[in-house]
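The values are calculated or read from the model by the stated rules, or taken from the named source; none is laboratory data. Bear in mind the structure is a predicted one, so any value in this text is a computation, not a measurement. No Cβ is skipped: glycine too gets one built from the backbone with ideal geometry, and neighbour counts run over all protein chains shown.
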Amino acid sequence: MADKTLRKVLARALVATAFAALATTAQAVFVSGVFDPPDVSGTHTFDLEGPCLTGSGPRAVNDDTNCAVTLTRLTVLLDHSFPLNFSSFIPYTGIDSILVIGGQLAGVHTGLIGAATVSEGIYAGSWWIQYYYNFSTDFVFEDPVSLFHNCTDPSCIVDTALVVTFFPSDANGNPLPNGVPEPGSLLLIASALGAGWLARRRVAA
């Protein structure tokens with residue numbers, strides 16, 4: 001009897017979990033990565049809220065879309081050693097589109113982030129950084145990050161990081177361990193269990 005009661009409690013909890021998750025339209029996913037070389041390098045973390053990573057190709061985000069993307073963490077190094085401080089611009093929401101390839105984040109298009117100011121030394125001046133991507137219909141793409149110095153014209157780009165990576169992470173930029181289900185996977189598991197319980201109940205009735 002106790003075992004039967006326990007099974008009922010667990011089944012009801014699974015159903016409640018599944019339905020509650022299905023009722024939640026926004027789901028937070030963190031994606032982090034690095035950008036490098038030649039002279040500018042750094043790390044980033046993006047917070048994606050909603051069904052952002054579906055399908056493949058460019059997609060509009062923020063504003064009136066159902067996908068909200070925020071840059072929540074950014075570190076930038078000049079010559080791989082001198083830090084530029086963009087913390088006053090984080091979190092950053094000036095992102096108008098992302099590139100999704102096979103359900104994974106592959107590129108981000110932002111406005112100019114900055115200016116970070118250095119008051120003296122060989123790196124003195126104002127600095128901006130910008131993410132963008134180029135994409136063709138045959139899925140050939142690049143997703144560089146460019147650094148601007150003292151103005152925001154294309155002629156003021158002093159370096160462009162051509163190697164930019166993205167990987168699933170936690171909010172602090174740590175890669176998710178292998179074998180840990182993403183929230184979507186947990187939702188599917190809970191939904192399947194809940195559907196199975198409902199089917200068994202209908203049969204019993």
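Just give me the residues in segment 54-73 being more than 17 Å from Ala171 (Cβ to Cβ) and either free of Cβ contacts under 8 Å to residues at least 40 places away in the same chain or in contact with a helix residue (DSSP H, G or I) (Cβ under 9 Å, 6 or more places away or on another chain) (or both), in sequence order. Outline the logic, then answer.
Taking segment 54-73 as the starting set, the residues that turn out to be more than 17 Å from Ala171 (Cβ to Cβ) are 54-67.
Passing the criteria: Ala60, Val61, Asn62, Asp63, Asp64, Thr65, Cys67.
Kindly state which strands (runs of 3 or more DSSP E) lie completely within segment 1-75 and contain at least 3 residues that are modelled with pLDDT of 90 or more and of a type in the set (S, T, N, Q).
Details: elements: 28-36, 40-49, 57-60.
The qualifying strands (runs of 3 or more DSSP E) are 40-49.
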Worksheet entry | Failed item in (1) aromatic (Phe, Trp, Tyr); (2) within 20 Å of Pro58 (Cβ to Cβ); (3) modelled with pLDDT of 95 or more, with Tyr123 passing the rest | (2)
Discussion item. What pairs come out if I take residues in segment 77-93 that are under 11 Å from Ile129 (Cβ atoms) and modelled with pLDDT of 95 or more and pair them with residues that are among the small types (Gly, Ala, Ser) and in a loop (DSSP other than H, G, I, E, B) whose C-beta lies under 9 Å away, six or more apart or interchain?
Written reply: Tyr92/Gly111
Worksheet item: Quick one: would you say Val180 is surrounded by fewer than 17 Cβ atoms within 10 Å (Cβ to Cβ), hydrophobic (A, V, I, L, M, F, W, C), farther than 19 Å from Leu74 by Cα and at pLDDT below 95?
Response: yes
